[in-house]
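S.K.: So that we are looking at the same thing, I have put the structure below in structure tokens.
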Amino acid sequence: TATQAGLENIGIDGVKILDKRLHGRKLKRGTLGGNRFRLTIREFDGDTQNVTERLESIRLNGVPNYFGPQRFGHQGRNIEQGFRLLSANARLKRHKKSIYLSAIRSFLFNHVLAERVRLGSWNHMVNGDLAMLDGSQSIFMCELPDQDIEERCKRLDIHPTGPLPGEGGTLPVAEAAALELAVLHNWPELQQLLSAQRVQASRRSLRLYPGGLEWTFAGSNLEMTFELPPGSYATTVLSEVLDITEAGLSPDQDN
């Protein structure tokens, strides 16, 4: 646990920019190599042994790669509002439309991931999974049993993936396909909207590994440092360490 004052200091409610400088070249989408984080949780009053065990587990296994609350807007309203406006063919600026479509896809992905977490298969392959090579967007089909595939997944060389729904794209088969379809069946209108908007389907790793994870307990503070690849969220890592309730952070909440 952590006090509200401590949460404000780690950026749950906002980010404080310490320095900024102009660069000679525009930062284009896809250029970012990753992000380094140094977080200080002030007035930490949790069980240090329990938190240490959680952090050691994360350093070994990673965490479920949920989209964080930032993706869903204030109180998670981007899902409902986006569906309503896009279904009505409202005239929207391109960036606003993109935000809504991304939120809807992320919502569906989070629910598939939540089911894999419930089943205990978020960090290993099931038959028919599409595996993603670590550090890339390359995917390939996995037919199990296959000892080599399972060993590569265990050493974080490859990761199981979940759907970012839309048109086309490579689909899983067998057990993995049945699992995804069972979850996505609950939101046919959202999937139809994505198809109507001609959104192209893609895949996302179900597992997130924070590189260089280190931590110290300094007085009443918990200090953490780690690195994340683009498109991932520090709040996702933090929610596996501390007991935090924040709108949009859990896929079980009403989005």
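The values are calculated or read from the model by the stated rules, or taken from the named source; none is laboratory data. Because the structure is predicted, anything quoted here is derived from the model rather than measured. All Cβ positions, glycine included, derive from the backbone under ideal geometry; neighbour counts span all protein chains shown. These area figures cover heavy atoms from the full protein model, side chains too; ligands, DNA and RNA do not enter into them. Shrake-Rupley method; radii C 1.70, N 1.55, O 1.52, S 1.80 Å.
S.K.: Which shape class, rounded, prolate or oblate, goes with region 57-132 when its Cα gyration tensor gives a ≥ b ≥ c as root eigenvalues, a/c under 1.5 marks rounded, and past that a/b bigger than b/c marks prolate? Walk me through the intermediate numbers first.
M.R.: Values: a/c = 2.89, a/b = 2.25, b/c = 1.28.
The shape class here is prolate.
S.K.: Could you give each residue of region 231-236 its phi-based ³J(HN,Hα) in whole Hz, using Karplus coefficients 6.51, -1.76, 1.60 with θ = phi - 60°, and x for Gly or Pro?
M.R.: Rounded to whole hertz, the list is x, 10, 10, 5, 5, 5.
S.K.: Now for a different question. Would you look at the GNM of the chain, springs on alpha carbons closer than 10 Å, and say which of GLY76, GLY211, GLY34 moves the most?
M.R.: GLY34
S.K.: Non-local amide H neighbours of ASP134 (under 5 Å, H modeled in plane, Pro and chain starts lacking H): which ones?
M.R.: Residues meeting the criterion, in which the H sits 1.01 Å from N, are ILE158, HIS159.
S.K.: Can you list which of the trypsin sites (Lys or Arg not before Pro) found in region 156-235 are DSSP loop residues with at most 16 other C-beta atoms within 10 Å?
M.R.: Numbers: sites: ARG198, ARG203, ARG204, ARG207; in loops: ARG198.
Hits after loop and neighbour filter: ARG198.
S.K.: If you don't mind, another one. Give the shape of region 121-255 as rounded, prolate or oblate, defined through the alpha-carbon gyration tensor: a ≥ b ≥ c are the square roots of its eigenvalues, a/c under 1.5 means rounded, and otherwise the shape is prolate if a/b is larger than b/c and oblate if not.
M.R.: On the way: a/c = 2.19, a/b = 1.35, b/c = 1.63.
Judged from the Cα gyration tensor, region 121-255 comes out oblate (a/c at least 1.5, b/c at or above a/b).
S.K.: Hey, another quick one. Could you work out the relative contact order of the chain, using alpha carbon pairs under 8 angstrom and six or more residues apart, expressed as a whole percent? It would help to have the intermediate numbers written out before the result.
M.R.: On the way: 392 pairs, mean separation 77.3, N = 255.
Across the chain, relative contact order equals 30 percent.
S.K.: What accessible area per residue, rounded to a whole number of Å², is obtained for the chain using a probe radius of 1.4 Å?
M.R.: Numbers: 14780 Å² over 255 residues.
Result: 58 Å² of accessible area for each residue.
S.K.: Antiparallel as a % of all DSSP beta bridges within the chain, to the nearest 5?
M.R.: Numbers: 26 of 27 bridges.
About 95 percent, rounded to the nearest 5.
S.K.: OK, next. Amide H of LEU206: which non-local residues (sequence gap of 5 or more, or other chain) have their own amide H closer than 5 Å, using H built in the peptide plane?
M.R.: Under 5 Å from the amide H of LEU206: THR161, GLY162.
S.K.: Here's a follow-up. From the square roots a ≥ b ≥ c of the eigenvalues of the alpha-carbon gyration tensor of the chain, which class results: rounded (a/c under 1.5), prolate (a/b over b/c), or oblate?
M.R.: Values: a/c = 1.63, a/b = 1.18, b/c = 1.37.
Note, shape of the chain comes out oblate.
S.K.: Oh, and also: Using θ = phi - 60° and the Karplus curve 6.51 cos²θ - 1.76 cosθ + 1.60, what whole-Hz ³J(HN,Hα) does each residue of region 181-193 get, with Gly and Pro shown as x?
M.R.: After applying 6.51 cos²θ - 1.76 cosθ + 1.60, I find 4, 4, 6, 5, 4, 6, 10, x, 5, 5, 5, 5, 5 Hz.
S.K.: ³J(HN,Hα) across region 204-221 via Karplus (A = 6.51, B = -1.76, C = 1.60, θ = phi - 60°), whole Hz, x for Gly/Pro?
M.R.: 9, 4, 7, 10, 10, 10, x, x, x, 5, 9, 8, 9, 9, 10, x, 9, 10
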